[in-house]
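First the structure, in the form of structure tokens, and then the observations on it.
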Amino acid sequence: MNAPTTPELTMSEQGGRREGRRGRIVRLVVLAVVLGAGLWFGAKWFHDRQVHVFIIDSRIASDMVTISAQEAGRVVDLQVGTGDLVKPGQVLVSMDKRTVRLRILEARSEIDRIVAQRARLEAERSLIIRRNSSALKVAKAHIDVAVAAENAASATRASAETELKRGEKLFQRKVIAAQRLDGLRTTFTNADRQLLQARAAVREAEAELGEVEAEEIRVAVIEQELSALTAEAAALQARLEQHEVQLSDLDIISGINGIVDRTFVEEGEYVRPGTRLLMLHDPENVWVAANVKETEINRFAVGSTAAITVDAYPDMKLSGRVTWIGPAATSQFALLPNPNPSGNFTKVTQRVPVRIDIQGQRSLLRPGMMVEVVIDTGEPGAGDAGNN
């Protein structure tokens, strides 16, 4: 009764066995593919780590320029805001200039006063020089005339004195009369008086020459006053230029092409020298700042190429080149150094700063953005680092 059903069960079992074998084959194929892919990716990962250095915590860096006030004053015009593009020479912040302008006017008026005083002294000096030039000649001529008159009077007196002495002798011998002797005495007295007058004239001429020479001393005094005015004018000119520099410093200008990152003041605020006004950077002057493990720093050198991936733009592939490797580890610049005085030591791999210049498009990059860097070590067989 059961013999007819046996072949049907056998065929069913055989079909199930065939399906099971096919399933095992599929699973084995899938397992083999997965293992092969895993081995391939593992080998590729190992190979990439041998020929490249990977840094995943790098950042975009730039020279952040802080614009500060150079003079104290009140901000009257903040001409830029966050995100504005600026050019060299563009005024960023204007401060109150009224006080400095008044100081400039005061200094200029002082300079004008000194110029007028100097002109007056120079005119007085010229007048004294011209007047003394002729007065000196006249005074010397008067001295010459007075001296000549004194010499003549002295000779006349000497002759009268000789005649008087001879007359006295003749009178004693009764040769001449008393009237004749009185005449000789009168002549001598007149000659003596004329000599005294001539000597007085000489002293008067010498006094006149002294007055002329005193005027020449006045010229020397004027020269000293002019020298003092010259020094005072130079000091006032320096003060004026200082005020003009202060006036120009009240207009804060940009020295670079850049973009304003942040402003720290508002219009109407009073600031002192050194107060931060705003911060900017040049968007075309950005680079990658990477901190590389000290154990990997010997695997590349300045000039090595690098592939850069920006977290903000994962589809953007940038290339770069190592241009600087720091001479000291970053720990040497820590605000709180750890010299380990207790003797307890935990070895920590240090980081060395590396600069990578970016080649190509940089306008979208912002300082502080996170990037991943792959540096080609230059070993034989190194592939395209940017594809990893």
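Values quoted throughout were computed directly from the atomic coordinates according to the rules given, and no laboratory measurement underlies them. Here the structure is a predicted model, which means the values were calculated and not measured. Cβ: placed from backbone, ideal geometry, glycine included. Neighbour counts: every protein chain shown.
The amide H of V292, built 1.01 Å from its N in the peptide plane, has V352, V354 as neighbours under 5 Å, considering only residues 5 or more places off or on other chains.
Between exposed chymotrypsin sites (Phe, Trp or Tyr not before Pro) in the chain, where DSSP calls loop and at most 14 other Cβ atoms lie within 10 Å, what's the longest gap? The longest such stretch corresponds to 1-263.
By the equivalent-ellipsoid construction on the alpha carbon gyration tensor, region 98-247 comes out with semi-axes of 70, 10, 9 Å, ordered largest to smallest. Pairs of Cα atoms in the chain fall into 10 Å distance bins, from 0 up to the last occupied one, in shares of 4, 11, 10, 10, 9, 8, 7, 7, 6, 5, 5, 4, 4, 3, 2, 1, 1, 1, 1, 0, 0, 0, 0 percent. Only helical runs count toward this figure. For the chain, summing -39,500 (n - 2.57) over DSSP H runs of n ≥ 4 and dividing by all residues gives -19000 deg cm²/dmol at 222 nm.
Distance between the C-alpha centres of region 214-228 and region 229-251: 28 Å, rounded to the whole angstrom. What would the Debye formula give as log10 I(q)/I(0) at q = 0.16, 0.18, 0.24 Å⁻¹ for the alpha-carbon point model of region 253-313, no solvent? The Cα Debye sum returns log10 ratios of -0.79, -0.87, -1.13. In the chain, a dipole from Cβ-located charges (positive for Lys and Arg, negative for Asp and Glu) runs towards its positive end, and of L105, V212, V26 it is V212 whose Cα lies farthest in that direction.
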